[in-house]
């Protein structure tokens, strides 16, 4: 549906005809999308970028994807993982306290793209009976801190994901 929406909005045409379009706001203006809908366009572009329909902006200046760059540069990898985990505690407090009943009956969980395991750490703390796996790229899994009750596995989610009752993306 996202790709269909992008085609109907003529996003690829706008990107190709405006070589210097670099922000969602500029793309929104080029497509005559009302400012009140710019946030929706941003979400759409993130989804499409994540799925590979559009390359993320760091690929052009560095000639690599964000994930390759993080794999090659440990300092950048650390900063990226720290940023991704920054709001985890607040979010997981809400998830475990308000939505905690959703985890009852689940025995195994894989957090795909789980980074340094902050989400899994909160889940294991709230639900000690839950067996958790953090599945991320090898350079992330190999450098993540150990978490009691959690296993880290390196791999490629496009090739396969470890089996579990529940997969968290």
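The values are calculated or read from the model by the stated rules, or taken from the named source; none is laboratory data. Bear in mind the structure is a predicted one, so any value in this text is a computation, not a measurement. Neighbour counts are summed over all protein chains in view; Cβ atoms, including those assigned to glycine, are modelled from backbone coordinates with ideal geometry.
Structure values in brief
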{"item": "Condition met for residue 99 (farther than 30 Å from residue 27 by Cα and modelled with pLDDT under 90)", "result": "yes"}
{"item": "Restricting the range 16-41 to residues that are within 21 Å of residue 66 (Cβ to Cβ) and surrounded by 15 or more Cβ atoms within 10 Å (Cβ to Cβ), the residue that is modelled with the lowest pLDDT", "result": "21"}
{"item": "Boolean, residue 109 is in a helix (DSSP H, G or I), outside the structural domain of residue 49 (by TED's automatic domain parsing) and either free of Cβ contacts under 8 Å to residues at least 24 places away in the same chain or surrounded by 15 or more Cβ atoms within 10 Å (Cβ to Cβ) (or both)", "result": "no"}
